[in-house]
Amino acid sequence: MAYTANMAALLSGASQSQLRYWRQSHKGEAPLLVPEHGTQPHALYSYRDVLVLRMFARLRGEVSLQTIRRAVTWMEEHLADGQDLSERTLLAVPEKKSIVYFSEDGEFLDVGKAPGQYGHQAVMRDLFRPFTNRRGDLVPDLTHPASGLLVDPDIRGGVPVVEGTRITYNLLAGLARDGLALAEIREFYPGVSAEAVKGATELAGRVAYAHAA
């Protein structure tokens, strides 16, 4: 299962224009991120892509795009450890206009302003928690993007589902949009709570907004 650009935008905090810009080459530079599932006829992103995009969106709120690009390029060229970018931990250090990379064994390297030099220790932030992007939008918790919903790459390919089930958010939102009352929806899906139906409806609205933005 793959994420459409609008779902990737919602879960990552990146705008549609950022997604388009980052998957294109500019002035001879390679794209910052090409969707794992391709771009034709539409861009389709993987869960790993969303993690990377979310990291970019958080970094972009504090450092320049060129600094991010420099960090990504340096890591691709010098960190030949087989790790995907989604498995790396990056932290912006705005006062130094740079980015620090944290390795699994505790090393911290400057990969932005002075690539390869040891960086300054900082508290590692959780990539999954909510944050506010540059536009002032609140980006939801990646694991629980709305009330009663769960994102798990091992369930339905990462499409948000009702927690504890395999029922997708868009299925519930579609039933509510068709005019079914909560009691009628629960006749079809007894394990679905009012909270989950509300969360699914709200998430569907936010995905539609992300698609239009």
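The values are calculated or read from the model by the stated rules, or taken from the named source; none is laboratory data. Since this is a predicted model, take the numbers as computed values, not measurements. Virtual Cβ from ideal backbone geometry, glycine too; neighbours counted across all protein chains shown.
Overview of values
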{"quantity": "Residues being of a type in the set (Lys, Arg) and more than 15 Å from the chain's Cα centre (by Cα) - total across the stretch 24-54", "calculated": "1"}
{"quantity": "Selected residue (criterion: surrounded by the most Cβ atoms within 10 Å (Cβ to Cβ)) from residues of the stretch 117-132 that are modelled with pLDDT of 85 or more and within 20 Å of residue 88 (Cα to Cα)", "calculated": "131"}
{"quantity": "Subset of the stretch 147-186 (residues that are part of a loop (DSSP other than H, G, I, E, B) and small (Gly, Ala, Ser))", "calculated": "147, 148, 164, 179, 181"}
{"quantity": "Yes/no for residue 76 being closer than 19 Å to residue 22 by Cα, modelled with pLDDT of 70 or more, touching a strand residue (DSSP E or B) at 6+ places or on another chain (Cβ under 6 Å) and surrounded by fewer than 18 Cβ atoms within 10 Å (Cβ to Cβ)", "calculated": "no"}
{"quantity": "Tally of residues being surrounded by 14 or more Cβ atoms within 10 Å (Cβ to Cβ) and either under 26 Å from residue 45 (Cβ atoms) or among the small types (Gly, Ala, Ser) (or both) across the stretch 176-194", "calculated": "2"}
{"quantity": "Among (1) at negative phi; (2) surrounded by 13 or more Cβ atoms within 10 Å (Cβ to Cβ); (3) modelled with pLDDT of 85 or more, the one test that residue 103 misses", "calculated": "(3)"}
{"quantity": "Checking residue 189 against (1) within 14 Å of residue 164 (Cα to Cα); (2) in contact (Cβ under 8 Å) with a residue 40 or more places away in the chain, the condition it does not meet", "calculated": "(2)"}
